[in-house]
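Notes for the one structure printed next.
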Amino acid sequence: MKLDILAFGAHPDDVELGCAGTILKEISLGKKVGIIDLTRGELGTRGSASIRDQEAAAAAKILGVTVRENLEMRDGFFVNDETHQLEIIKMIRKYKPEIVLCNAVDDRHIDHAKGSKLVSDACFLSGLVKIETSLEGELQTAWRPKLVYHYIQWKNIVPDFVVDITGFTDLKVASILAYSSQFYDPNSKEPESPISSKNFLESLNYRSRDLGRITGVDHAEGFTVERYLAVNSLGDLI
Ligand SMILES: [Zn+2]
C-alpha cells in the first residue's frame, strides 16, 4: 500500500502533539497518511503501554489516518544503529511515502532527538539499493522519500516554515485528548508530569495561535527542514 505521507513519532502522542493539524489538513486534501510509533511509551509517568495502545488507536481514528503501526522499540533506550535503522527502512519501503514527518531535532525528551536522527538517517539509507530488506518473505525495493520535515513539540524551536491549520484545531485537540491518561485532568490521582499541566494543554492553542499571528492566519504548525525549501514561483507562498 502506497502512502503520500508517513509520520514517525518516538512515542504514541508525539505525532498528534507535533503535527496533527497538518495531518488532518492533508487528509482533507485527499492525501493518504500513516503513522509509525517507534515505542509504546511504556516509560510514560502516567498510564501504561496497553492504555497508550488503546489511546493511539482512538487518536488514529479521529485523525483518519490509513494505517498506524508500532515498532515496539524500547522507550528511553532505543538507539540509532543498524538494527533500528533497518526496522525504519522496512516501513519506508513498505509505504513508499514522498514526505516523511518526524520528531523535533532537539527536545526535552531524549527520545525525540534520537528518533529524529534515526528516522532521518533511515530515509537516506532506504534509497541505497545495496541495502537489502525483506518483509513477510518478500524482497523490498529501495525507496527514498523526497522530503523530510521535523515537527516541533516541547521546545520552542524556530520553524523554517509553517502550515496553516485553521479549521483543524478542534479535531487536533480531540486527537490529543484521546490520550486521556497523559494530559491535564483535575480528577486524576496519577503523578504530575510536565505534559499533564493545564498550561501545557493550553499551549497547544496559544502556540498555534502565535505561529498563525506571525504568518497572517488563525492557526499554524511549524516545521524545520534538512535542506533549503524550494518553490516554483514566489506566488506559491501564502
Ligand atoms: Zn514523546
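List every residue pair whose Cβ atoms lie under 8 Å apart, where the two residues are 6 or more positions apart in sequence or sit on different chains, the first residue falls within region 155-177 and is touching a residue at least 40 places away in the same chain (Cβ under 8 Å) and surrounded by fewer than 17 Cβ atoms within 10 Å (Cβ to Cβ), and the second residue, located anywhere, is part of a loop (DSSP other than H, G, I, E, B) and of a type in the set (A, V, I, L, M, F, W, C). As it stands, the answer is LYS155/ALA104; ASP160/LEU229; PHE161/LEU229; THR166/VAL217, since those pairs meet every condition given. Would a scan of region 7-19 turn up a residue that is outside any loop (DSSP other than H, G, I, E, B) and among the charged types (D, E, K, R)? The answer is yes, given that some residue of region 7-19 is outside any loop (DSSP other than H, G, I, E, B) and among the charged types (D, E, K, R).
Condition check ((1) surrounded by 24 or more Cβ atoms within 10 Å (Cβ to Cβ); (2) at negative phi; (3) free of Cβ contacts under 8 Å to residues at least 12 places away in the same chain) across all residues:
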residue	(1), (2), (3)
ALA7	yes, yes, no
LYS25	no, yes, no
ARG40	no, yes, no
ASP81	no, yes, yes
ILE88	yes, yes, no
TYR95	no, yes, no
ASP111	yes, yes, no
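Just one of the numbered conditions (1) among the hydrophobic types (A, V, I, L, M, F, W, C); (2) in contact with a Phe, Trp or Tyr (Cβ under 7 Å, 6 or more places away or on another chain); (3) part of a strand (DSSP E or B); (4) farther than 24 Å from PRO194 by Cβ is not true of LEU38: (4).
Which members of region 18-48 meet the condition of being aliphatic (A, V, I, L, M), within 16 Å of the ligand (Cβ to nearest atom), at pLDDT 95 or above and under 24 Å from GLN85 (Cα atoms)?
At the first step, the residues of region 18-48 found to be aliphatic (A, V, I, L, M) are 20, 23-24, 27, 29, 33, 35-36, 38, 43.
Those still in the list that are within 16 Å of the ligand (Cβ to nearest atom) too: 20, 35-36, 38, 43.
This time we only want the ones that are at pLDDT 95 or above, so: 20, 35-36, 38.
Answer for region 18-48, where residues must be aliphatic (A, V, I, L, M), within 16 Å of the ligand (Cβ to nearest atom), at pLDDT 95 or above and under 24 Å from GLN85 (Cα atoms): ILE35, ILE36, LEU38.
Check whether at least one residue in region 57-69 is among the acidic types (Asp, Glu) and either touching an Asp or Glu at 6+ places or on another chain (Cβ under 7 Å) or buried (at least 20 other Cβ atoms within 10 Å of the Cβ) (or both), and report yes or no.
No.
The values are calculated or read from the model by the stated rules, or taken from the named source; none is laboratory data. Since the structure is predicted, the reported quantities are computational estimates derived from the model, not experimental observations. Ideal geometry is used to build each Cβ from the backbone, glycine not excepted, and the neighbour counts take in all protein chains shown.
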